[in-house]
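Written below as structure tokens is the structure these notes are about.
The values are calculated or read from the model by the stated rules, or taken from the named source; none is laboratory data. Not measured: the values here are computed from a predicted model. Cβ atoms come from the backbone with ideal geometry, glycine included; neighbour counts cover every protein chain shown.
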């Protein structure tokens, strides 16, 4: 466990030096922002030269999520709660840390979970067309509403025949407090979510395209 933690810490230092270059390679580098009433929807995507199964396992690994969020998964005794390994359908994660100088606790539920190669169907109001998908939704926290959709599309590099995966994230959120909440969203939350998506994509791309993915992916 000590070696595993040390590996994450050393990789975090090297990752910080390369994230700008990695971000420059994203398939869609511009922020995609939409509003529906008081709801904000932030979309990001990236193309990764690695197979979809690898990207799905990396994306659902709690150690990597903790690293990008800079928050810790804690054991509160909640039903279905997990703190290590990978998330799965209907599991719960309670995240604790500091955001914007304030102590934060975010309770999340995995509200949809379709691994690669399983049958894809309509879930709620979503038309799922990617080859894999999962969704985390806030159960309790500072948001009036928060939901994060993770889409994975399997592609092939036509020149080399090697597998590619497109990752597409969609973060939908709403803050309380009316006009003040919407102003806070535009000034603080939207830039923050944009940075967090790009940070996560950068880390996943770095690991998946190299050899760093091996400790986090089941054989």
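Per-residue answers, yes or no, for (1) under 15 Å from the mean Cα position of the chain (by Cα); (2) at pLDDT 95 or above:
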| position | (1), (2) |
| --- | --- |
| 99 | no, no |
| 139 | no, yes |
| 144 | no, yes |
| 148 | yes, yes |
What residue, among those in region 71-80 that are outside any strand (DSSP E or B) and in contact with a strand residue (DSSP E or B) (Cβ under 6 Å, 6 or more places away or on another chain), is surrounded by the most Cβ atoms within 10 Å (Cβ to Cβ)? 71
What number of residues within region 81-116 are assigned to a loop (DSSP other than H, G, I, E, B) and either touching a helix residue (DSSP H, G or I) at 6+ places or on another chain (Cβ under 8 Å) or without any contact (Cβ under 8 Å) to a residue 24 or more places away in the chain (or both)? 11
Of all residues being under 18 Å from residue 101 (Cβ atoms) and surrounded by 14 or more Cβ atoms within 10 Å (Cβ to Cβ) in region 193-207, which is farthest from the chain's Cα centre (by Cα)? Just the residue, please. 193
Of all residues in region 191-209, count the ones that are touching a strand residue (DSSP E or B) at 6+ places or on another chain (Cβ under 6 Å) and farther than 17 Å from residue 135 by Cβ. 4
Of the numbered conditions (1) at pLDDT 95 or above; (2) surrounded by 12 or more Cβ atoms within 10 Å (Cβ to Cβ), residue 23 fails exactly one; give the number of that condition. (1)
Contact list please: Cβ distance under 9 Å, first residue in region 159-184 and over 28 Å from residue 133 (Cβ atoms), second residue in a strand (DSSP E or B), pairs at least six apart or on different chains. 181/174; 182/35; 182/40; 182/174
Hey, does region 204-218 have a residue that's over 18 Å from residue 38 (Cα atoms), part of a strand (DSSP E or B) and either in contact with a helix residue (DSSP H, G or I) (Cβ under 6 Å, 6 or more places away or on another chain) or free of Cβ contacts under 8 Å to residues at least 24 places away in the same chain (or both)? no
In region 72-91, what residues are closer than 15 Å to residue 138 by Cα and under 15 Å from the mean Cα position of the chain (by Cα)? 73, 87
Can you name the residue in region 152-178 that is surrounded by fewer than 19 Cβ atoms within 10 Å (Cβ to Cβ), at negative phi and part of a loop (DSSP other than H, G, I, E, B) and is also modelled with the highest pLDDT among such residues? 176
